[in-house]
1. Looking for whichever is part of a loop (DSSP other than H, G, I, E, B) and surrounded by fewer than 19 Cβ atoms within 10 Å (Cβ to Cβ) here; the options are ILE68, ILE21, ILE60. Which one fits?
2. Being in contact with a strand residue (DSSP E or B) (Cβ under 8 Å, 6 or more places away or on another chain), surrounded by 16 or more Cβ atoms within 10 Å (Cβ to Cβ), under 21 Å from ILE143 (Cβ atoms) and not aliphatic (A, V, I, L, M) is the requirement here; does THR15 meet it?
3. Test each condition in (1) among the aliphatic types (A, V, I, L, M); (2) more than 27 Å from ASP129 (Cα to Cα); (3) surrounded by 11 or more Cβ atoms within 10 Å (Cβ to Cβ) for LEU38 and report the one that comes out false.
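Values in this text are rule-based calculations from the coordinates and carry no lab data. Note that this is a predicted model, so its numbers are computed, not measured. Counting neighbours? That spans all protein chains shown, and the Cβs are built from the backbone with ideal geometry, glycine included.
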Amino acid sequence: MDKIIFFNTLFGFLTLVSWLITLIILYFYFTKKTFSKLITDQFLNYAISVATFCALGSLIYSEVVGFIPCKFCWYQRYLMYPIALLLLGSFFKKSLYKFGYTSLIGFSLSIYHIYLQNGGGGGGSCAVDVPCNIKYVDIFGFISIPVMAGSGFITIFAAILYYDYARKQTIE
């Protein structure tokens, strides 16, 4: 099997799964549903997993598949890698999980990158060597690399938001 097809299928599937899980997490948050401490801690673990897979996925696309990142892809990486490292650090120091809230900045950047990629902003080119409007990945006609990154950022945010809320509820 071609590695581009394999990784596009894998990451496209993970993107759809993350949307579904994000909707479930937001449902729990808005309905104020809480669980035991053991289950609540899994939301932090999920955020850590998503951040780690996003960071590894970006490396796979550039180093294994050979896609050259554009300027906005690099900006999203600059945000995702520290989030992944800090969330991994929350295994040792729990207060580091709050850095997951910075994923909203990455989500906003992803939204703008999606806008550029779809012809907004005067043609969508942000660099001469690698334009930001190129779609290396186009799954179902709407899942591209910035959509995958945005999905990762918003999923991390939702998981951290719920974890923070539920943790405070189980303490009180």
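1. Values: ILE21 fails: part of a loop (DSSP other than H, G, I, E, B); ILE60 fails: part of a loop (DSSP other than H, G, I, E, B).
Just a single option satisfies the conditions, and that option is ILE68.
2. Numbers: in contact with a strand residue (DSSP E or B) (Cβ under 8 Å, 6 or more places away or on another chain): yes; surrounded by 16 or more Cβ atoms within 10 Å (Cβ to Cβ): yes; under 21 Å from ILE143 (Cβ atoms): yes; not aliphatic (A, V, I, L, M): yes.
Taking the combined requirement at face value, the residue satisfies it.
3. (3)
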